[in-house]
1. Quick one: check the C-alpha center-to-center distance for the stretch 1-72 versus the stretch 114-164, whole angstrom.
2. Please give the charge dipole size of the chain, origin at the Cα centre, charges +1 on K and R Cβ atoms and -1 on D and E Cβ atoms. Round to the nearest 20 debye.
3. For Phe167, which sequence-distant residues (separation of 5 or more, or a different chain) have an amide H within less than 5 Å of its own amide H, given hydrogens modelled in the peptide plane?
4. Keeping to pairs on different chains or 8 or more places apart, tell me how many lysine pairs in the stretch 3-200 have Cα atoms under 21 Å apart.
5. From the backbone phi of the stretch 110-116, what are the Karplus-calculated ³J(HN,Hα) couplings (6.51 cos²θ - 1.76 cosθ + 1.60, θ = phi - 60°) in whole Hz, Gly and Pro given as x?
6. Along the charge dipole of the stretch 53-148, Cβ charges K/R +1 and D/E -1, which of Asn63, His106, Leu124 sits furthest on the positive end?
7. Could you order the peptides 231-243, 52-64, 125-137 from most to least packed, using the average number of other C-beta atoms within 10 Å per residue?
8. Starting from 0.36 nm per residue, how many nanometres of slack lie between Lys35 and Ser156 once their C-alpha separation is accounted for?
Amino acid sequence: MSFTIEMEERKNGRLAHISLLTLPPNNTLSRPLLKELITTLRDAGKDADVILCTSAHPKFFCNGLDGALLVAGSPQERRETILAMIDAALELYRLPKPWIVEIAGHAMAGGAVIAVAADNRYMLSGSGRIGFSELAMGLPLPVCFTRMMHAVVTPSYVRSLLEGMAFKSDEALQMGLIDGVAETAQALRSLSLKRADQILRLDPEAYLPTRQLYRSTILEQMERDLERDRDLASKLIELPVFARAMAAIASRNKS
C-alpha cells in the first residue's frame, strides 16, 4: 500500500498519521500516486484535526516525480505529469486542516514541494538533504513553488533554493526551511507530536479561519501565476533540455 492512515485520539483532538511508501528505490511518485496522495490528505482532514505526514522508507521522505517513468512516457504523458505536479502544489497548499511533515531522509524536488506546502516541517539530523533540485537538473522552477518558499524561508536564503542547492538539516533550520531538528527518530516523533498538540490546544473556530486567511494571500498569488506556469511547462517538455534533465533525474533514482 502506498499510503497508510492511522487515527490517534490526542488530549484535545484527533491526529491522522499518513505514512508514504511509494515507488522504489527513492520513494518517488507517479501521476496517479500524486493524485492519490492529495486525496488521502484531503480525506484524512475530514476526520482529523491535524495531519502528520511521514515516510515508511528508511532513507527517503520523497524524491518527487519518478524520473524513469517520465523518460519512458510519451510526450503527452510527460506533459500531464509535470502539469499535475504544478497543480498539486496548489492543492497541497489549500488543504483546509493543518499538517506537519516529518522528514527522516531525503526530500528533493517534488518531495521538497510537499514539505514546504505543509504548516510545519521537522527533520532528522544527518538523515538526508532537502532542496528544489529541479534547476540543478536543468529545469526552471514554476513560480508557484517560489511563492511557497517565500512564505517559509528567510528572504536572503531564497536565492540558494532557486539555484537548486540541497541542504542538510542544520542548514535547513538556519534558513527557516524547517522548524526543528532531532537527533533520533524517537525525538523527531516527539517534536512532531508536540507541535500537533500545540495546534490542538488552539480554538479551531479562531485558528482555522486565521490560518486560511494567511494562506489565501499566497494562494491568490499561486493561482494568478498558474496559467503562466502551465504554459512554461508545456513548452519546456518540447525542448532538448527537458530530455537531458529527465535522463539525469532517472540516473539519480538509485538507492
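Each reported figure results from applying straightforward, stated rules to the coordinates on display, with no laboratory input. For clarity, every value in this text was computed on a predicted model and none was experimentally measured. Positions of Cβ are backbone-derived with ideal geometry, glycine not excepted, and every protein chain shown enters the neighbour counts.
1. 19 Å
2. In debye, rounded to 20, the chain gives about 320.
3. Hits under the 5 Å cutoff: Ile130, Gly131.
4. 8
5. Going residue by residue, I get x, x, 5, 4, 4, 5, 5 Hz, with x marking Gly and Pro.
6. Highest projection toward the positive end goes to Leu124.
7. Descending mean neighbour count gives 52-64, 125-137, 231-243.
8. Contour length minus Cα-Cα distance gives 40.2 nm.
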